[in-house]
Amino acid sequence: MARLLLLLWSLGPMLWQLYSSLKPSEALSGLGAGGWTLENYRQLLQGDPPFLTYLINSVVVGASSTALTLALAVPCAYALSRLGRRQARALTALVAAAAAFPAVLLFLALLELARDWHLANQLLALSLPYAGLCLPLAILLLQAAFADIPVELEEAALIEGMGLWQRLRWILLPLMAPAMASSALLVFLFSWNEYPIALTWLSRTELLTLAPAMARIAGSSVYTIPYGACAAATVLGSAPLILLMLLFQRQIISGLTQGAIKG
Amino acid sequence: MSGPMSAGDGFQGLKLRQLSRRVGSHTLVDQLSLTVAPGEILALLGPSGCGKSSTLRLIAGLDPASSGEIQLGGRNITALPPAERQVAMVFQSYALFPHLSVERNLSLGMELRGMGRAEIQRDLDQVLALMQLEGLRQRKPAELSGGQRQRVALARALIRRPALFLLDEPMSNLDAQLRDNLRAELRTLLRSTGVPVVYVTHDQHEAMGLADRIVVLREGRLQQLGTAERLYRDPANRFVARFLGSPTVNLIERGTTQLGLRPELLELTDAGSPVPQGWEALEGQLSHREWLGDRVISHVQCAEQGTLRVLSREAPISSALQVRWRQADALRFDARSGERLPGSNTPHTE
């Protein structure tokens, strides 16, 4: 019974969105009224540009942000985990401070940057601020994972004659797969949900990512609020994330709890 | 004694010359010099923190030497990275790659060094057969027992055909019975490689049972180097005397000197018995006995000299006892420095 309540508590809003997305707009004021319809989805998918464009944009930005973040965070975390204790502690504190820095304060400066360096309206350029903002947290996560790997494993590889990249590629990174997966997902989620930077850096409609696109759909009319379209967009926008979560569930959970169980 | 005591520059084994490692104000290894001949097993023995593992890491190239020289097969390897030293090392934790199968644990290094597939396969088959691991090829380390993991770690070292074998407490993760059984097997295997072997342990039985010669280390300094028998019968100082032998050597004060009395060289008789010529004796009370099966350790409380441990075949019957020993059997140490005093005992033969 308690489980059922908990399930309803977490899944309720999602189910309600799904329900709303399948109803005609005028039926939403009264429960149960009206028939089922795919009209909301049809409108979205055949819109100009079609909703799929936003999805693809978000996937592109998410993937490039994730790749960039990991490419920078892995070497940083490795270096931090192999430094002397005192240096590592000082640098880790710095990284933690960066992770705690309120991103809102960077907002105007970022806008200036976009203007001066002509980064506006370029999808891939968005991954620069995204990677920058996610980097501290990713470094901390990966550093903990590196620290969990016994030093002897790397030393054994060293004696076997493996160079730095070989040790990373064949020994360390495979052992860090869970931490890599959870860091990647955090970055991807951040980029997927990020709104203010995307809103200000992108102005051309066909380049919009999901968050600003949804806002545009919601605010497209002054007279009515298109509940149905919003609900359909929410369903379509969260589907890829749910899929990702289901695919990598095991890695992510073991990555987030890694230090806790291995001791 | 099998180890050559002198070694020229053409010496094919391992040679350490004045090797030191200092970290900050700490000296982990202090001016260590020794040689290990091809086919010889040398044990580095000492309590934890004595510098034995630090020495091994220096030889492997995992830590840089502060001064001194390491020679292997006639060439100076002091400054070479681990990969170029041709050494193999078995770690205390075995350091098997947990995500790789037994087979891949052995072959990964060879693959990355660019060895041919056929060659790798041949070496794999050979070593897996030798170590009786054929049935476990596809297992992951987590699916192996402690003894099997040790065999995989040894196999991974063997397959490289190293010029030098380093082992860091390879038995410490095994239970006592398995350890006893494996000692002779491991010795045969290591001898068969024909390369110098350096074996780190804190267990005197392991060192005595496995090694041709033993180095006792304390605070990074060499205390004594020799065969197990030499170290036991003719220890250079009190530290070596105390470290080898169980039960531990008895120490009694004689002014500025200390007598070291091996428990098995003490005799028990009834209190008040006449003391023969050339013997010395103390009187005391039996406090308790430990029965070992074939022998008994009697703890005899001797007034101000403290408790003496006596190892004998038969348990004493009375409780008022005389403990006596041949004067020639007593080891004499300087009470202050612990150094052995000259002429104290004649090498004993049984």
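The values are calculated or read from the model by the stated rules, or taken from the named source; none is laboratory data. Please read these numbers as outputs of a predicted model, since none were measured by experiment. All Cβ positions, even for glycine, are placed from backbone atoms using ideal geometry, and neighbour counts span all protein chains on display.
Among the residues of segment B:101-140, those that are within 14 Å of chain A (Cβ to nearest Cβ) and under 30 Å from the mean Cα position of the chain (by Cα) comprise B:105, B:106, B:109. The numbered conditions (1) farther than 21 Å from residue A:140 by Cα; (2) within 9 Å of another protein chain (Cβ to nearest Cβ); (3) assigned to a helix (DSSP H, G or I) are all true for residue A:206 except (2).
Exactly one residue among B:179, B:161 is in contact with a Ser or Thr (Cβ under 9 Å, 6 or more places away or on another chain) and away from chain A (no Cβ under 14 Å), and that residue is B:179. The set of residues in segment B:116-139 that are more than 27 Å from residue A:177 (Cβ to Cβ) and outside any helix (DSSP H, G or I) comprises B:116, B:131, B:132. Taking residue A:190, is it touching a Cys at 6+ places or on another chain (Cβ under 6 Å) and in a helix (DSSP H, G or I)? Considered against the rule, which asks whether it is touching a Cys at 6+ places or on another chain (Cβ under 6 Å) and in a helix (DSSP H, G or I), residue A:190 comes out as yes.
In segment B:26-100, counting only strands (runs of 3 or more DSSP E) that sit wholly within it, the ones holding 2 or more residues that are facing another protein chain (nearest Cβ under 8 Å), within 30 Å of residue B:185 (Cβ to Cβ) and touching a residue at least 40 places away in the same chain (Cβ under 8 Å) span B:87-90. Only strands (runs of 3 or more DSSP E) whose full extent lies in segment B:280-330 are considered here, and the ones with at least 3 residues that are touching a Pro at 6+ places or on another chain (Cβ under 7 Å) are B:306-312. If you go through segment B:158-192 and keep only what is in contact (Cβ under 8 Å) with a residue 40 or more places away in the chain and hydroxyl-bearing (Ser, Thr, Tyr), you end up with just B:172. Any idea how many residues of segment A:159-183 are within 7 Å of chain B (Cβ to nearest Cβ) and either among the aliphatic types (A, V, I, L, M) or assigned to a helix (DSSP H, G or I) (or both)? Number of matching residues: 7. So, residue B:47, is that one loosely packed, with under 14 Cβ neighbours inside 10 Å, touching a His at 6+ places or on another chain (Cβ under 9 Å), in the same structural domain as residue B:200 (by TED's automatic domain parsing) and not hydrophobic (A, V, I, L, M, F, W, C) or not? Criteria met by residue B:47. Of all residues in segment B:240-263, none are in contact with a Ser or Thr (Cβ under 7 Å, 6 or more places away or on another chain), farther than 17 Å from residue B:205 by Cβ and buried (at least 16 other Cβ atoms within 10 Å of the Cβ).
In segment B:327-340, of all residues being within 16 Å of residue B:282 (Cα to Cα) and touching a strand residue (DSSP E or B) at 6+ places or on another chain (Cβ under 6 Å), the one that is surrounded by the fewest Cβ atoms within 10 Å (Cβ to Cβ) corresponds to B:327. Screening residue A:156 against (1) facing chain B (nearest Cβ under 7 Å); (2) among the small types (Gly, Ala, Ser); (3) under 30 Å from residue A:241 (Cα atoms) leaves a single unmet condition, (3).
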